[in-house]
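The values are calculated or read from the model by the stated rules, or taken from the named source; none is laboratory data. Nothing here was measured: the structure is a model prediction, and the numbers come from that model. Note that each Cβ is placed from the backbone with ideal geometry, even for glycine, and that neighbours are counted across all protein chains shown. These area figures cover heavy atoms from the full protein model, side chains too; ligands, DNA and RNA do not enter into them. Shrake-Rupley method; radii C 1.70, N 1.55, O 1.52, S 1.80 Å.
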Amino acid sequence: MRFPVTGVADTTFTFRLGEHQWVRPGLRGIVVDPREQDVPVARFRIVSVSGGAARAVVTGQTTNVSTAHAVLLNVPPIPWYEQRLFWIGAGAGALLGFLLGGA
């Protein structure tokens, strides 16, 4: 996912999250320059999330981060036990096993 950088400090910056609830402290990502065909600018780690914005600390950079840059984050995978399709399959398998086993 791509997010706009909204504020920059010395070694930290903030970006707006919108409706994305999956962003949490500890996630890592990169900052890119969209004017230069998404050339990487910096690596970062999110340190806090509140009020629809995240604050991140820069862990490595090739140039200074600015509000003209964009944040790229990978959506973390959903654990197997939280996936609806898994539970539908488990329920259908248990029902089928019960029906076939009782015959």
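Each stretch of four or more DSSP H residues adds -39500 (n - 2.57); spread over every residue of the chain, this sum gives -6000 deg cm²/dmol at 222 nm.
Net charge around Arg2, counting only other residues with Cβ within less than 13 Å of its Cβ (Lys, Arg = +1; Asp, Glu = -1)? Overall, the nearby charge balance is -1. Of Ile30, Ile78, the residue with the largest accessible area leads and the full order is Ile78, Ile30 (1.4 Å probe). For the chain, the fraction of C-alpha pairs farther apart than 19 angstrom is 51 percent.
Carbon-plus-sulfur fraction of the accessible area of the range 35-103, 1.4 Å probe, in percent? Spell out each step's value before the answer.
On the way: 3020 of 5050 Å².
Of all accessible area on the range 35-103, carbon and sulfur atoms account for 60 percent.
Rounded to whole numbers, the Karplus 3J(HN,Hα) couplings from phi for the range 67-82 are 6, 7, 8, 10, 9, 10, 10, 7, 5, x, x, 7, x, 4, 6, 9 Hz, using 6.51 cos²θ - 1.76 cosθ + 1.60 with θ = phi - 60°, and x at Gly and Pro. Compared with the dominant principal axis of the Cα atoms in the chain, helix 84-101 is inclined by about 10°. The residue among Asn74, Val39, Leu95 whose Cα reaches farthest toward the positive pole of the charge dipole of the chain, with charges on the beta-carbon of Lys, Arg, Asp and Glu, is Leu95.
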